[in-house]
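Asker: Sending over a structure as structure tokens; questions will come in a sec.
The values are calculated or read from the model by the stated rules, or taken from the named source; none is laboratory data. This is a predicted model, so every value here is computed, not measured. FYI the Cβ positions are ideal-geometry reconstructions off the backbone, even for glycines, and counts take in every protein chain you see.
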Amino acid sequence: MKITLKDGSVKEYAESKSVYDIAMDISEGLARAACCGKVDGKVVDLRTVLDHDCELSICTANDKEGLSTIRHTASHVLAEAVKNLYPEAKLTIGPSIENGFYYDFDHAPFSREELDALEAEMKKIIKKGAKLEKFTLPREEAIKFMEEKGEPYKVELIRDLPEDAEISFYSQGDFVDLCAGPHLMSTKGIKAFKLTSSSGAYWRGKSENAMLQRIYGTAFNKKEELEEYLAYWENVKNRDHNKLGREMELFTTVDVIGQGLPLLMPKGAKIIQTLQRWIEDEEEKRGYVRTKTPLMAKSDLYKMSGHWDHYKEGMFVLGDEEKDKEVFALRPMTCPFQYFVYKATQHSYRDLPLRYGETSTLFRNEDSGEMHGLTRVRQFTISEGHLIVRPDQMVEEFKGCLALAKYCLDTLGVGDDVTYRLSRWDPDNKEKYIGDAEVWEETENHIRNVLNELGIPFYEGIGEAAFYGPKVDIQAKNVYGKEDTMITIQWDALLAEQFDMYYIDQNGDKVRPYIIHRTSMGCYERTLAWLIEKYEGKFPTWLCPEQVRILPISEKYADYAAKVEAELKENGILATTDNRSEKIGLRSGKQDWTRSLICW
């Protein structure tokens, strides 16, 4: 067989060889550094035997695949450590992830002290240097094997595998885990690691399942790389809006009010007010007219729009269809409400485009495991809008929505921090959507052409579209690297039919309009979280809830300080006076956003 290596050279062998053996044949040093391989682009274990012509890359810790293999092996070492110290714990899954690894256990919560003890146990396991050995079992034997070990979650995973799946295990000494790999040849390959945190996580991510305990960790090939990462991580934690926003008294949450229902405190509310006034004024300059619509509606409205069939599980439903004459739901979106504003008056082709804007409070029944600070909440407010347009106006209006979004991002100083995604339908799951394939392909091509014409780099996401149309999602990452949608612009050629919306054209005929669903800045709460992390609480002056703090040096200057404060406010500057009797140094202290003005 001929093995084509990454550099283009070819190795020929008369018999089958493992990836590790080929690495050893190339050089002993490469074999020592090898973590896994890539055969024809697919990541494989070093133990994988090759018996045919193929392309092979040997991956070391310098490759993302190699580093991922180190971290995956570290997760198994963690699992062994947990079983050594807490034999009653049940194993579930333990993958490598972008910045490290985690493993979920059915066990009581782990304290920081317990994580430290687990780290010490992991070091003992690594020092022993047990080889990792792969073996397979037939389905029934594999199930029996895990049942005898008292691992019900592993049994469930095996039962869910396809009938023809290879059921593989890895052993390291006496410890055995169900796993597809790849793994290092020995635990000694883990040079530097750290357990970073623990938290609750539902089995398989579903709130109706058991609550597990997830331990997060990270691993690197060198101690220096680990130390650099931990220093970075400490900075990340200090910038987390969930921590910083509370310390700065921008928002809080209360258990008796509910998860995902944050309370904006006066300073946070002031920032939101500033953003809202700016957005509403900017939209008015661009030809938007404002609406104000109800926070709830009868189920009939959502059945008409299709949300009842496609989105009901994400809504807060008030009432029972089997018992109550009328069932209501808190609105998860504003579009059907604004459609009826449009339908209240007959429109001609000369009236279009009509640009409706609304500062909309919405409600979505997010899973409790998804809640985080201000980024994932159950009640939120967005800069929502719907444009009712003639088909010949659609492209230019869509460009206008992109221009407004870019203006908002650039004004906030985050225009370079985003990526653009063309969110497409999934033709293999047509039941999730309305409309024919031809409509979807045509509208997706329109958006693709607009983005290319404007020179906006983008990637495509299959299955990310709304059920009624494709969209551009403007994405940003939080300090932890998790991506969220900040702004959405949707192309809708279908819902006007559902709501019998029309305009009268120049021939006197009724014609269906197109609709653009869009946000100009997106969700105010999520944007505030983004800005806290972006600026580490040191906001641009125009967004500061307190721009100047006046510090009289003694009580006799209190009246003068009040006069200065009044004059500043008269000129639109957000000023406060600190009349406390403490020394100036204590009162002027570190301020995250204010400028101090000392009066004497």
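Asker: Please pick out the residue among V10, V43 that is within 28 Å of A219 (Cβ to Cβ) and either touching a strand residue (DSSP E or B) at 6+ places or on another chain (Cβ under 9 Å) or surrounded by fewer than 19 Cβ atoms within 10 Å (Cβ to Cβ) (or both).
Answerer: V43 is the lone residue from the list that is within 28 Å of A219 (Cβ to Cβ) and either touching a strand residue (DSSP E or B) at 6+ places or on another chain (Cβ under 9 Å) or surrounded by fewer than 19 Cβ atoms within 10 Å (Cβ to Cβ) (or both).
Asker: Check G319 against each of (1) touching a His at 6+ places or on another chain (Cβ under 6 Å); (2) on the phi > 0 side of the Ramachandran plot and name the one condition it does not meet.
Answerer: (1)
Asker: Do we find that G357 is under 20 Å from Y202 (Cα atoms), buried (at least 19 other Cβ atoms within 10 Å of the Cβ) and either within 34 Å of the chain's Cα centre (by Cα) or free of Cβ contacts under 8 Å to residues at least 40 places away in the same chain (or both) in this structure? Give the steps one after another, and end with the answer.
Answerer: Values: under 20 Å from Y202 (Cα atoms): no; buried (at least 19 other Cβ atoms within 10 Å of the Cβ): yes; either within 34 Å of the chain's Cα centre (by Cα) or free of Cβ contacts under 8 Å to residues at least 40 places away in the same chain (or both): yes.
Criteria not met by G357.
Asker: Looking only at residues in the stretch 254-285 that are touching a residue at least 24 places away in the same chain (Cβ under 8 Å) and of a type in the set (V, I, T), which one is farthest from H386 (Cα to Cα)?
Answerer: For the stretch 254-285, the residue satisfying everything is I271.
Asker: In the stretch 235-253, which residues are surrounded by fewer than 18 Cβ atoms within 10 Å (Cβ to Cβ), outside any loop (DSSP other than H, G, I, E, B) and not charged (D, E, K, R)?
Answerer: Within the stretch 235-253, N235, V236, N238, T252 qualify.
Asker: Looking only at the stretch 416-432, which residues are touching a Pro at 6+ places or on another chain (Cβ under 7 Å) and in a loop (DSSP other than H, G, I, E, B)?
Answerer: W425
Asker: With the condition kept exactly as written, say whether any residue in the stretch 494-517 is part of a helix (DSSP H, G or I) and at pLDDT 95 or above. Working first, answer last.
Answerer: At the first step, the residues of the stretch 494-517 found to be part of a helix (DSSP H, G or I) are 495-498.
Now narrow it down to the ones that are at pLDDT 95 or above: none.
No - not one qualifying residue is present in the stretch 494-517.
Asker: Right, next: Looking at A61 and the list (1) in a loop (DSSP other than H, G, I, E, B); (2) under 34 Å from the mean Cα position of the chain (by Cα); (3) over 24 Å from I126 (Cβ atoms), which single condition is not satisfied?
Answerer: If we test A61 against (1) in a loop (DSSP other than H, G, I, E, B); (2) under 34 Å from the mean Cα position of the chain (by Cα); (3) over 24 Å from I126 (Cβ atoms), just (3) comes out false.
Asker: Can you pull out the residues in the stretch 374-401 that are assigned to a strand (DSSP E or B) and closer than 21 Å to L494 by Cβ? Show your work before the answer.
Answerer: From the stretch 374-401, those assigned to a strand (DSSP E or B) are 376, 379-389; that's our starting set.
Scanning the stretch 374-401 gives E384, G385, H386, L387, I388, V389.
Asker: So, one more: Pairs please, first residue from the stretch 520-537 and at positive phi, second anywhere and part of a strand (DSSP E or B), Cβ atoms under 8 Å, 6+ apart in sequence or on different chains.
Answerer: G522/I382; G522/S383; G522/I474; G522/T485; G522/M486; G522/I487; G522/T488
Asker: Looking only at the stretch 38-48, how many residues end up being closer than 24 Å to G129 by Cβ and either without any contact (Cβ under 8 Å) to a residue 60 or more places away in the chain or assigned to a loop (DSSP other than H, G, I, E, B) (or both)?
Answerer: Within the stretch 38-48, residues that are closer than 24 Å to G129 by Cβ and either without any contact (Cβ under 8 Å) to a residue 60 or more places away in the chain or assigned to a loop (DSSP other than H, G, I, E, B) (or both) number 4.
Condition check ((1) polar (S, T, N, Q); (2) over 32 Å from the mean Cα position of the chain (by Cα); (3) surrounded by 12 or more Cβ atoms within 10 Å (Cβ to Cβ)) across all residues:
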{"site": "E114", "(1), (2), (3)": "no, no, yes"}
{"site": "I126", "(1), (2), (3)": "no, yes, yes"}
{"site": "K144", "(1), (2), (3)": "no, yes, yes"}
{"site": "Y153", "(1), (2), (3)": "no, no, yes"}
{"site": "E163", "(1), (2), (3)": "no, yes, no"}
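Asker: Can you confirm whether the stretch 113-126 contains a residue that is in contact with a Pro (Cβ under 7 Å, 6 or more places away or on another chain) and touching a residue at least 24 places away in the same chain (Cβ under 8 Å)?
Answerer: Taking the stretch 113-126 first, the residues in contact with a Pro (Cβ under 7 Å, 6 or more places away or on another chain) are none.
No - not one qualifying residue is present in the stretch 113-126.
Asker: Here is a further query. Could you check the stretch 22-37 and list, in sequence order, the residues that are within 12 Å of M185 (Cα to Cα) and either out of contact with any Pro (no Cβ under 6 Å at 6 or more places or on another chain) or free of Cβ contacts under 8 Å to residues at least 60 places away in the same chain (or both)?
Answerer: As a first pass, look at the stretch 22-37 and keep what is within 12 Å of M185 (Cα to Cα): 31-36.
Across the stretch 22-37, the qualifying residues are A31, R32, A33, A34, C35.
Asker: In the stretch 361-373, what residues are modelled with pLDDT under 95, of a type outside the set (S, T, N, Q) and not in a helix (DSSP H, G or I)? If you could, list the steps in order and put the result at the bottom.
Answerer: Going through the stretch 361-373, the residues modelled with pLDDT under 95 turn out to be 364-373.
With of a type outside the set (S, T, N, Q) added as a condition, the list becomes 364, 366-367, 369-373.
R364, E366, D367, M371, H372, G373, listed by residue number.
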